[in-house]
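A short worksheet on the structure shown next.
The values are calculated or read from the model by the stated rules, or taken from the named source; none is laboratory data. None of the values given here were measured: they were computed from a predicted structure. As a convention, Cβ positions derive from the backbone with ideal geometry for all residues, glycine included, and neighbour counts pool all protein chains shown.
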């Protein structure tokens with residue numbers, strides 16, 4: 001059965017290591033008949049959640065009108081959501097955190113979805129990304145029946161494109177292929 005997949009790439013540089021892993025994941029998913037769209041957080045015009053509470057009293061509507069309204073519909077329609085981030089100072093990128101915080105006004109509509117995580121870091125140890133998974137768990141704890149399917153760990157990559165020569169590229173491809 002074909003799935004709708006949304007990949008949220010928070011790399012500030014297109015063609016960066018986490019973004020390349022997104023492409024590899026997408027290639028595998030597309031080859032097996034899935035519908036894939038990649039969203040670049042850096043290209044979006046959206047604000048920070050201001051914690052105003054407007055969404056609570058207004059049936060999941062946000063007081064802010066920006067690109068998040070378009071992304072909202074795509075995430076709700078998706079079967080599978082992939083969050084990708086470079087790891088800075090052992091945490092997710094600020095770009096992705098800002099994006100996740102803006103899910104506040106419709107996060108309850110993201111129940112029963114599959115989730116994958118793609119992370120890259122200069123640190124060569126996989127444990128360097130444990131904190132990032134804990135951050136993702138903060139979001140997933142708020143959802144009904146999130147289905148955690150897997151994570152890709154691109155370790156030991158700093159300079160743009162160095163992930164291309166790593167086995168993790170094939171791992172991302174296989175993960176996408178086996179949705």
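The rows are residues; the columns are (1) touching a strand residue (DSSP E or B) at 6+ places or on another chain (Cβ under 9 Å); (2) within 21 Å of residue 71 (Cα to Cα); (3) modelled with pLDDT of 95 or more; (4) part of a helix (DSSP H, G or I).
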position	(1), (2), (3), (4)
101	no, yes, yes, yes
104	no, yes, no, yes
115	yes, yes, yes, no
118	yes, yes, yes, no
123	yes, no, yes, no
134	no, no, yes, yes
138	no, yes, yes, yes
144	no, yes, yes, no
151	yes, no, yes, no
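Just for the range 48-69: of the residues that are exposed (fewer than 12 other Cβ atoms within 10 Å of the Cβ) and in a helix (DSSP H, G or I), which one is farthest from the chain's Cα centre (by Cα)?
Ranking the qualifying residues of the range 48-69, first place goes to 57.
Quick check on my filter: what residues within the range 114-131 are surrounded by 20 or more Cβ atoms within 10 Å (Cβ to Cβ) and within 25 Å of residue 34 (Cβ to Cβ)? Reasoning before the result, please.
Of the range 114-131, the ones surrounded by 20 or more Cβ atoms within 10 Å (Cβ to Cβ) are 116-121, 129.
Of everything in the range 114-131, those that are surrounded by 20 or more Cβ atoms within 10 Å (Cβ to Cβ) and within 25 Å of residue 34 (Cβ to Cβ) turn out to be 116, 117, 118, 119, 120.
If we keep just the residues of the range 5-37 that are in a strand (DSSP E or B) and touching a helix residue (DSSP H, G or I) at 6+ places or on another chain (Cβ under 6 Å), which is surrounded by the most Cβ atoms within 10 Å (Cβ to Cβ)? Outline the logic, then answer.
Just the residues of the range 5-37 that are in a strand (DSSP E or B), to begin with: 5-9, 35-37.
After this cut, where a residue has to be touching a helix residue (DSSP H, G or I) at 6+ places or on another chain (Cβ under 6 Å) as well, the list is 5-7, 9, 36.
Numbers: 5: 23, 6: 21, 7: 25, 9: 28, 36: 22.
Checked the range 5-37; the qualifying residue surrounded by the most Cβ atoms within 10 Å (Cβ to Cβ) is 9.
Inspect all residues belonging to the range 74-82 and state whether any of them is part of a helix (DSSP H, G or I) and in contact with a helix residue (DSSP H, G or I) (Cβ under 8 Å, 6 or more places away or on another chain).
Applying the first criterion (part of a helix (DSSP H, G or I)) to the range 74-82 yields 74-77.
Okay, now just the ones that are also in contact with a helix residue (DSSP H, G or I) (Cβ under 8 Å, 6 or more places away or on another chain), so 75-76.
Within the range 74-82 (the criterion being part of a helix (DSSP H, G or I) and in contact with a helix residue (DSSP H, G or I) (Cβ under 8 Å, 6 or more places away or on another chain)), the answer is yes, since at least one residue qualifies.
I'd like the full set of residues that are out of contact with any strand residue (DSSP E or B) (no Cβ under 8 Å at 6 or more places or on another chain), in contact (Cβ under 8 Å) with a residue 24 or more places away in the chain, part of a loop (DSSP other than H, G, I, E, B) and over 21 Å from residue 93 (Cβ atoms), limited to the range 153-179.
Result: 178, single match.
For the range 65-99, enumerate the residues that are on the phi > 0 side of the Ramachandran plot and in contact (Cβ under 8 Å) with a residue 40 or more places away in the chain.
Applying the first criterion (on the phi > 0 side of the Ramachandran plot) to the range 65-99 yields 89-90.
The one that is on the phi > 0 side of the Ramachandran plot and in contact (Cβ under 8 Å) with a residue 40 or more places away in the chain: 90.
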